[in-house]
Structures are given as C-alpha cells and as structure tokens.
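Okay, structure first, notes after.
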C-alpha cells in the first residue's frame, strides 16, 4: 500500500522573520511595580511592623462572668487576640502574618498589631507577642481555642521558641454564644454576634477570607492598600471581642 506523504507543517512567518533577524522571542510584559507600598506603624525589627492605638472605654475593674462559666476576672488581666493567617485550613504550612491584641489600660482600650512584611520576620513577631503575655494573662478570643491558639503553638514550636500560651487562661466566646443563641440566630459567627448584641454592622469591610491573598499580593510586589484593610478588619474584630465580653458579663 503506498505511503501517504505527511503534509508539510506551515511555517510561522513571524518565527521565520525572528530567525532571519537573529531576534529572541519577546518576553511577556510584566506589570510595573506598585507605587503604594506603605505599611502602617513603625518597623521595630527587619520586616516587622508595629501599630498601637487607644480608645476611651470607661468600665469597672472586674468582670463577673458566672453566666458563661468563668467566674470573676480582673479586667486588666484580659488580653483579646486575633490572628490573620495565610490560610484557613490550619496545619504546619499555615502561618500568622498578623497578630492583633487589645487590653484595657488607663481607662481605655489599647490596641496593638504586629505585621510581618517578610517571611524572615516571623520569629521576631512571635518573640514580641510572647512579651505581651504573663502568667496571669487571660486570653480572650472567638474560636481561638480551636484555631488561633493551636496555630501559634505550632509556629512557636517550628521556630524553636518557648510557647507562652499554655500558661495563660483562655475565654473563648464562641462557645457561650453557641449555648445561648444557636437556636435563636441563623449562625454564631462573630459578625452575627456583634450585629445582634452590639449593633455593629460593618460597611466596606474586607472579608477575612481575602486576607491571605492580600498579604501574598504584597509579598509579590503589589500594592499595600488591601493589606491595610486587613489591619482595619483585624482591629474591628478586637474591638468587637471586647464589646461582646462586656455584653455577656453578669449584670452589676
């Protein structure tokens, strides 16, 4: 049976012209570097940024929390904390790129945030946060016992640093909220609790699920604008945590 010749492949005229002129293929265009790279706060270590603010918050010295099974807690011992992380699944590959904390000082609420702009700054951030904790600290979180605290414990272990968290007490408001309101509210997420109990309705808030992409975009040379919104989101989480603790305290 005669062999059918294979049709010749048609040459690309542009490729032929490049060969004749000894030109290399043109590299793909790259986006120009972002000009807005400003991060808030002070750089206290290479790649580690610190911000602090204070808001008036007149309240009594003691919190009576028998209604949520906690007894009495001195307000000055409470430290609300919340992390923004590179993922929501957890595991050793997930790290916190921001740690926010709030406590009551001088008649107001002090809010502090740590943000790493490089991977190498993580150890400095962990050391700084550990310095905010003492043996008498009572941590305050929303789902922190299941997510934030184990994640930080893993990061301390991987960084070969002493983990300061086991020495602290811990109030996780998610659990009393579920006991009280799981049959009343559609869900017991923080946004629902702050809306129902504090009247807080966030406008133009960056969802926490978008935080990992905002940080990764910045690391790749992108704008810092969205990353600054992550800081605003974290700060509101902390203020709401402290407001919810007052809301669930026993009446005086």
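Listed values, structure above:
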read-out: Qualifying residue in region 151-166 (condition: part of a helix (DSSP H, G or I), in contact with a helix residue (DSSP H, G or I) (Cβ under 7 Å, 6 or more places away or on another chain) and over 30 Å from residue 62 (Cα atoms)); value: yes
read-out: Meets criteria (assigned to a loop (DSSP other than H, G, I, E, B), buried (at least 16 other Cβ atoms within 10 Å of the Cβ) and at pLDDT 80 or above) for residue 94; value: yes
read-out: Meets criteria (at pLDDT 90 or above, in contact with a strand residue (DSSP E or B) (Cβ under 8 Å, 6 or more places away or on another chain) and within 16 Å of residue 241 (Cα to Cα)) for residue 81; value: yes
read-out: Test: residue in region 189-203 that is more than 23 Å from residue 94 (Cα to Cα) and in contact with a strand residue (DSSP E or B) (Cβ under 6 Å, 6 or more places away or on another chain); value: no
read-out: Count of residues meeting criterion [more than 23 Å from residue 236 (Cα to Cα) and either touching a residue at least 24 places away in the same chain (Cβ under 8 Å) or crowded, with 18+ Cβ neighbours inside 10 Å (or both)] in region 144-162; value: 7
read-out: Residues (assigned to a strand (DSSP E or B) and in contact (Cβ under 8 Å) with a residue 60 or more places away in the chain) located in region 105-127; value: 109, 111, 112, 113, 114, 115, 116
read-out: Residue count, region 82-111 (criterion: out of contact with any helix residue (DSSP H, G or I) (no Cβ under 9 Å at 6 or more places or on another chain) and closer than 18 Å to residue 211 by Cα); value: 2
read-out: Residue under evaluation residue 124, criteria (1) under 11 Å from the mean Cα position of the chain (by Cα); (2) at pLDDT 95 or above; (3) surrounded by fewer than 22 Cβ atoms within 10 Å (Cβ to Cβ), criterion not met; value: (1)
read-out: Residue 136 vs. criteria touching a helix residue (DSSP H, G or I) at 6+ places or on another chain (Cβ under 8 Å), closer than 16 Å to residue 81 by Cα and in a loop (DSSP other than H, G, I, E, B); value: yes
read-out: Region 192-214: number of residues that are in contact with a helix residue (DSSP H, G or I) (Cβ under 6 Å, 6 or more places away or on another chain) and outside any loop (DSSP other than H, G, I, E, B); value: 6
read-out: Where a residue in region 53-69 is closer than 17 Å to residue 142 by Cβ and its partner, wherever it lies, is assigned to a loop (DSSP other than H, G, I, E, B) and modelled with pLDDT of 85 or more, with Cβ under 7 Å and at least six apart; value: 63/249; 65/71; 65/249; 65/250
read-out: Given (1) in contact with a helix residue (DSSP H, G or I) (Cβ under 7 Å, 6 or more places away or on another chain); (2) surrounded by fewer than 18 Cβ atoms within 10 Å (Cβ to Cβ); (3) modelled with pLDDT of 95 or more, index of the condition residue 244 fails; value: (2)
read-out: Candidates 184, 200, filtered to the one that is in contact (Cβ under 8 Å) with a residue 24 or more places away in the chain and over 19 Å from the mean Cα position of the chain (by Cα); value: 200
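The values are calculated or read from the model by the stated rules, or taken from the named source; none is laboratory data. Treat the numbers as computed from the prediction; the structure is a model and nothing was measured. When we count neighbours, we look across all protein chains shown, and the Cβ atoms used for this are built from the backbone with ideal geometry, even at glycine.
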